[in-house]
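Participant: Can you read through this structure? Questions will come right after.
The values are calculated or read from the model by the stated rules, or taken from the named source; none is laboratory data. Just so you know, these numbers come straight off a predicted model, no measurement behind them. Using ideal geometry, Cβ is built from the backbone for each residue, glycine included, and neighbour counts are taken over all protein chains shown. Ligands, DNA and RNA are excluded from the accessible area calculation, which covers all protein heavy atoms including side chains. Shrake-Rupley method; radii C 1.70, N 1.55, O 1.52, S 1.80 Å.
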Amino acid sequence: MNKIAVVGAGISGLSMANYLEKHKIDYHIYERRKKRDLAGHGFLIPQEGMDYLYQIIEPELLLKHGNFLKKYIQYSHTGRILAEKNLENVFAISRHSLIDLLTQNISPEKIIYEETIGLEEHDGKLKFSDGADIDADIIVISDGSRSRIRNNLFKDETMKAVRESEVVNIIRNKKIADSIENDFIKFHHEEGGLTFGILKLSDDTVLWYSQFDNEKYMINECSAENLRKYMLEVFENWHPLVSSIIQKSDYKNVHLWRVYELEKLNRFYKNNIVFIGDAAHPLIPFTSQGVTSALKDSFTLTKYLVEENNMEHAFKKYEAERKPEIEVHINNGRTLLEQFLLPINLQTQNILPISYK
């Protein structure tokens with residue numbers, strides 16, 4: 001079997017490594033960041049994603065680190081209930097916990113941190129930061145939605161800013177966690193274009209995020225202190241739960257996420273280089289399909305690498321299977337974005353902020 005290099009130790013790269021490990025395929029992972037810099041906030045994973053995750057992580061172990069959500073409740077910004085919907089096996093977990101769980105099956109010597117891989121213009125080959133060639137037959141790229149390697153390989157691609165930005169944070173407060181039980185709660189401003197979402201990651205930990213129409217709400221300075229002040233100002237007259245969470249949160253790890261998407265998907269491979277996860281197909285956050293898509297990409301690519309003797313045949317089958325589904329999620333995400341921008345009275349009733357194929 002071919003030797004494989006995986007570029008990026010985020011969710012998609014580590015998922016790929018776990019599937020390769022299952023099939024005893026030789027690989028190494030190269031990550032440009034330090035290990036501690038891979039921590040983040042959290043994810044929603046629908047049932048389909050959990051089915052793939054159970055193949056590489058024991059279910060009991062997952063349940064110790066995350067939480068199944070019972071229902072989705074949509075409120076107006078003052079607390080009027082707009083809609084409720086039962087959730088079927090939607091799982092919430094922190095990024096830090098999922099990264100740790102995915103890493104536990106990988107030998108430390110197989111992951112090299114603080115190593116930047118770049119594309120040489122003159123020969124189109126990927127090389128280490130010191131100019132040395134990568135010793136691999138296949139190179140799997142999982143370096144995120146703003147992939148520099150993808151951008152250099154497909155120079156005619158167009159990334160465009162989406163009319164939505166997010167502020168994401170985590171609060172550790174058992175009283176607040178208890179008050180929301182196991183529900184996914186989302187408050188919507190009546191005029192549209194502004195939401196505040198809340199979901200419990202564990203007994204004492206809550207992830208919260210705010211989505212902004214970035215043409216209405218301009219955040220010019222994204223320091224932690226400025227974001228705190230901005231959040232307090234914008235959400236001053238919202239439901240008391242929202243105000244309480246914003247006031248009591250620690251902002252040292254708050255993140256402002258400016259969302260971008262590809263106008264048109266590239267091919268998922270070129271020569272011996274193949275893309276997975278956000279590096280292949282950035283999905284806007286409304287879909288809640290980032291982790292599931294990364295897992296399915298990794299599983300599908302590994303399956304065809306095992307079944308096919310020819311690398312290009314494996315890549316073609318991987319792309320043919322995954323690309324149509326990804327295009328469905330991209331279109332669903334754009335529909336959800338359009339709904340988000342509308343006033344509440346014009347939005348589709350009981351619309352769930354998760355894309356299903």
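Participant: Does at least one position in the range 108-131 carry a residue that is modelled with pLDDT of 90 or more and under 24 Å from H65 (Cα atoms)?
Facilitator: Yes, that holds for at least one residue.
Participant: Could you tell me which of the residues I185, I276, I219, I245 is within 26 Å of E88 (Cβ to Cβ) and either in contact with a Cys (Cβ under 8 Å, 6 or more places away or on another chain) or touching a residue at least 12 places away in the same chain (Cβ under 8 Å) (or both)?
Facilitator: I185 is the lone residue from the list that is within 26 Å of E88 (Cβ to Cβ) and either in contact with a Cys (Cβ under 8 Å, 6 or more places away or on another chain) or touching a residue at least 12 places away in the same chain (Cβ under 8 Å) (or both).
Participant: Turning to a different aspect of this structure: Yes or no: the range 263-276 includes at least one residue that is aliphatic (A, V, I, L, M), touching a Ser or Thr at 6+ places or on another chain (Cβ under 6 Å) and either crowded, with 22+ Cβ neighbours inside 10 Å or at pLDDT 95 or above (or both).
Facilitator: Yes, the range 263-276 has at least one match.
Participant: Identify, please: which residue in the range 34-47 is assigned to a helix (DSSP H, G or I) and touching a residue at least 12 places away in the same chain (Cβ under 8 Å) and is, among those, nearest to S288 (Cα to Cα)?
Facilitator: Looking at residues that are assigned to a helix (DSSP H, G or I) and touching a residue at least 12 places away in the same chain (Cβ under 8 Å), I get Q47.
Participant: Related question: Go through the residues of the range 18-33 one by one and say whether even a single one is touching a residue at least 40 places away in the same chain (Cβ under 8 Å), open to solvent by less than 10 Å² (accessible area, probe 1.4 Å), outside any strand (DSSP E or B) and polar (S, T, N, Q).
Facilitator: Within the range 18-33, one or more residues are touching a residue at least 40 places away in the same chain (Cβ under 8 Å), open to solvent by less than 10 Å² (accessible area, probe 1.4 Å), outside any strand (DSSP E or B) and polar (S, T, N, Q).
Participant: Related question: Quick one: which residue in I176, I170, I185 is over 21 Å from F340 (Cα atoms), within 23 Å of the chain's Cα centre (by Cα) and not hydroxyl-bearing (S, T, Y)?
Facilitator: Only one candidate qualifies: I170.
Participant: Additional query: If you scan the range 320-335, which residues turn out to be closer than 18 Å to A279 by Cα, open to solvent by 30 Å² or more (accessible area, probe 1.4 Å) and of a type in the set (D, E, K, R)?
Facilitator: Once the filter is applied, which keeps residues that are closer than 18 Å to A279 by Cα, open to solvent by 30 Å² or more (accessible area, probe 1.4 Å) and of a type in the set (D, E, K, R), the range 320-335 yields E321, K323, E327.
Participant: While we're here: Out of the residues in the range 209-218 that are in contact with a Leu (Cβ under 8 Å, 6 or more places away or on another chain) and more than 17 Å from N237 (Cα to Cα), which is surrounded by the fewest Cβ atoms within 10 Å (Cβ to Cβ)?
Facilitator: The residue in question is K216.
Participant: Working only within the range 1-17, note down all residues that are more than 10 Å from I56 (Cβ to Cβ), part of a helix (DSSP H, G or I) and either touching a His at 6+ places or on another chain (Cβ under 7 Å) or small (G, A, S) (or both).
Facilitator: Residues satisfying the conditions are S12, G13.
Participant: Do the conditions hold for E338, that is, is it open to solvent by 60 Å² or more (accessible area, probe 1.4 Å), at pLDDT 95 or above and not β-branched (V, I, T)?
Facilitator: Working: open to solvent by 60 Å² or more (accessible area, probe 1.4 Å): yes; at pLDDT 95 or above: no; not β-branched (V, I, T): yes.
It is false that E338 is open to solvent by 60 Å² or more (accessible area, probe 1.4 Å), at pLDDT 95 or above and not β-branched (V, I, T).
Participant: How do the helices (runs of 4 or more DSSP H) wholly within the range 48-157 filter down when requiring 3 or more residues that are within 29 Å of N310 (Cβ to Cβ) and out of contact with any Gly (no Cβ under 7 Å at 6 or more places or on another chain): which remain?
Facilitator: Helices (runs of 4 or more DSSP H) meeting the threshold: 148-153.
Participant: Can you tell me which residue within the range 158-178, out of those that are part of a helix (DSSP H, G or I) and among the basic types (K, R), is surrounded by the fewest Cβ atoms within 10 Å (Cβ to Cβ)?
Facilitator: K175
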